[in-house]
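Let me begin by presenting the structure, written as structure tokens, before commenting on it.
The values are calculated or read from the model by the stated rules, or taken from the named source; none is laboratory data. Please read all numbers here as calculations on a predicted model, not as lab measurements. A quick note on method: Cβ atoms are made from the backbone with ideal geometry, for glycine too, and the neighbour counts reach across all protein chains shown. Ligands, DNA and RNA are stripped out before the accessible areas are found, and what is left, the full protein with its side chains, is counted by its heavy atoms. Shrake-Rupley method; radii C 1.70, N 1.55, O 1.52, S 1.80 Å.
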Amino acid sequence: MNKTQLLTHLKNQGFSEEIIKAFEKVKREEFVPKEYINEAYEDYPLPIGYGATTSQPYTIAFMLNLLELKEDKNQKILEIGSGSGYVLALVSEITKGKIYGVEIIKELVEKSKETLKKLNYENINIINKSGFKGLKEHASYDRILVS
């Protein structure tokens, strides 16, 4: 499947224009290891290293839909288990608000920070720690996503 086919697939599932536009803008291949770039737009999870995966695009779209995100620079979002940072980028494209990610695997934090910085997502802050108890130091949040 290529990106156009994935976008058509998600549109056919009835996801909002905002969600489709986010998937259109964010390049999944930026968030997966090089050996999976040819599979970046398949609708299944992909390994990102250290026993972790980036979720299936349909599942991500479904979660984003449930969050009922609004384009609002004052909206504050937390994702627990931020992995590669792909979902954080998608959330950022929809809300433009302040976004926090918590990830326990240090190497994933470093890689996702590097990727998001390269792509100019300055409104995203990723913290390396267990998300078991959330991220109280930046609370309260308008939405929380547990991945």
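Quick notes on this structure:
- Residues satisfying the stated conditions in the range 89-107, i.e. surrounded by fewer than 22 Cβ atoms within 10 Å (Cβ to Cβ) and not in a helix (DSSP H, G or I): 96, 97, 98, 104, 105
- Residues in the range 108-124 include none that are over 14 Å from the mean Cα position of the chain (by Cα), touching a residue at least 24 places away in the same chain (Cβ under 8 Å) and assigned to a loop (DSSP other than H, G, I, E, B).
- Close pairs from the range 21-44: first over 17 Å from residue 119 (Cβ atoms), partner surrounded by 16 or more Cβ atoms within 10 Å (Cβ to Cβ) and among the basic types (Lys, Arg), Cβ under 7 Å, at least 6 apart: 41/28
- Within the range 13-31, the presence of at least one residue that is open to solvent by 10 Å² or more (accessible area, probe 1.4 Å), within 25 Å of residue 130 (Cβ to Cβ) and not in a loop (DSSP other than H, G, I, E, B) is confirmed.
- Note on the range 37-86: residues that are open to solvent by 50 Å² or more (accessible area, probe 1.4 Å), in contact with a Leu (Cβ under 8 Å, 6 or more places away or on another chain) and in a loop (DSSP other than H, G, I, E, B) total 1.
For every residue, the table says whether it meets (1) touching a Gly at 6+ places or on another chain (Cβ under 9 Å); (2) more than 23 Å from residue 17 (Cα to Cα); (3) of a type in the set (D, E, K, R).
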site: 101; (1), (2), (3): yes, yes, no
site: 107; (1), (2), (3): yes, yes, yes
site: 131; (1), (2), (3): yes, yes, no
site: 134; (1), (2), (3): no, yes, no
site: 140; (1), (2), (3): no, yes, no
site: 144; (1), (2), (3): yes, no, no
site: 147; (1), (2), (3): yes, no, no
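- Criterion violated by residue 67 - all others in (1) of a type outside the set (Phe, Trp, Tyr); (2) in contact with a Gly (Cβ under 8 Å, 6 or more places away or on another chain); (3) under 21 Å from residue 138 (Cβ atoms) satisfied: (2)
- Residue match in the range 92-110 (condition: at pLDDT 95 or above and either touching a Pro at 6+ places or on another chain (Cβ under 6 Å) or more than 20 Å from residue 145 (Cα to Cα) (or both)): yes
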